[in-house]
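The values are calculated or read from the model by the stated rules, or taken from the named source; none is laboratory data. These numbers were taken from a predicted model, which means no experiment stands behind them. We place every Cβ from the backbone using ideal geometry, glycine too, and count neighbours over all the protein chains shown.
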Amino acid sequence: MDMGLLSFTFLGTGAPPVSLRRAGPAHLVEAAGQVILIDCGARVAHQLVEAGKPAAAIDALIVSHLHSDHLVDFYQLVISSWHQGRDRPWRVIAPEPALKAMRAQYAAFHDERNLRIAFENRPSVRGLEVVFEVLGPGPLAGFGDLSVTAFLVDHHPVEPAFGLVFACAGSRVVFSGDTRPCVALEHAASGADLLVCEVYVDSQMPIISGVRSLETVAAVKSYHMVPAEIAHLALRSGARAVALTHVVPPSADTRAVVAEIRAAGYLGPVMIGEDLATLTLPERVLSWRGLAASF
Ligand SMILES: [Zn+2]
Ligand SMILES: [Zn+2]
């Protein structure tokens, strides 16, 4: 990959709802020879294979927060990457509560892992090792010319929760993580070349008896971003382009989402992420299933 490029791939644009179209949260950032996986939601290992991105080549996994949709396939990722020939330890960076959940996943399979190691005779066991690091606000070390910075967002009561800023060769991508509108996100997104933001389409979440009540929709909506809030964020921050992910409901009518954002006053480039789509800077190209377009 060209060293001046920064690419952002949507591996999974979904959330907890099971969807055949949108896998659980997972995104891949590639720049300056670094490969960073953000979150490891359901089907992440499959999505990496389908995207042609070997898990063995990932330099670090950053998990944004504790919610299960962001880390549920952690152990599957470790095992599948080992089976693909990974020969170096995983670097896993996450807030303490998420680390606790991943450490527990890893520990739960301790005996299983030892059975595999003893029986399968693979060339290396290094790929099964994990180095856990606590994620805090501020710059992350060890990514060469790719600058990675975490910032606290507001996903209360899940604390801490982080957004991320990736900058390389003059391009800057801001990833919201899971959050409600907050000053820190607006500040981080200020002047960004690309803002990747979560979305909760409350207007397309009907009340269903026995599944979700009016109170459920109100509660979930309150710690996410609805389309009008994303429009206001984009307007205030001056982000040059907006792409949405963590799409709830996963079957949301995407044209209607864009229309809501337009109605709220944001007229810049807006894209609804689809699994396996890639956005590349600084050329501002969207590629997806053989389609390429500029944004
Ligand atoms: Zn989530
Ligand atoms: Zn969450």
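Against the numbered list (1) within 16 Å of ligand 1 (Cβ to nearest atom); (2) under 26 Å from residue 107 (Cβ atoms); (3) charged (D, E, K, R), residue 122 comes up short only at (1). Scanning the range 89-107 for residues being over 12 Å from residue 71 (Cα atoms) and without any contact (Cβ under 8 Å) to a residue 24 or more places away in the chain gives a total of 1.
Looking at the range 256-263, is at least one residue farther than 22 Å from residue 64 by Cβ and assigned to a loop (DSSP other than H, G, I, E, B)? No, the range 256-263 has no match at all. Where strands (runs of 3 or more DSSP E) sit wholly within the range 15-102, those with at least 1 residues that are of a type in the set (Phe, Trp, Tyr), crowded, with 17+ Cβ neighbours inside 10 Å and in contact with a strand residue (DSSP E or B) (Cβ under 6 Å, 6 or more places away or on another chain) occupy 90-94.
Okay, residues lined up against (1) more than 21 Å from the chain's Cα centre (by Cα); (2) farther than 21 Å from residue 10 by Cα:
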{"site": "186", "(1), (2)": "no, yes"}
{"site": "192", "(1), (2)": "no, no"}
{"site": "219", "(1), (2)": "yes, yes"}
{"site": "251", "(1), (2)": "no, no"}
{"site": "283", "(1), (2)": "yes, no"}
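Restricting the range 66-97 to residues that are within 16 Å of ligand 1 (Cβ to nearest atom) and among the small types (Gly, Ala, Ser) leaves a set whose member that is farthest from residue 163 (Cα to Cα) is 68.
Residues satisfying the criterion are present in the range 21-35 (criterion: at pLDDT 95 or above, over 28 Å from residue 159 (Cβ atoms) and charged (D, E, K, R)).
Rundown of residues vs (1) within 20 Å of residue 266 (Cβ to Cβ); (2) among the acidic types (Asp, Glu); (3) within 18 Å of the chain's Cα centre (by Cα), yes/no style:
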residue	(1), (2), (3)
144	no, no, no
164	no, no, yes
183	yes, no, no
199	yes, no, yes
204	yes, no, no
207	no, no, no
235	yes, no, no
247	yes, no, yes
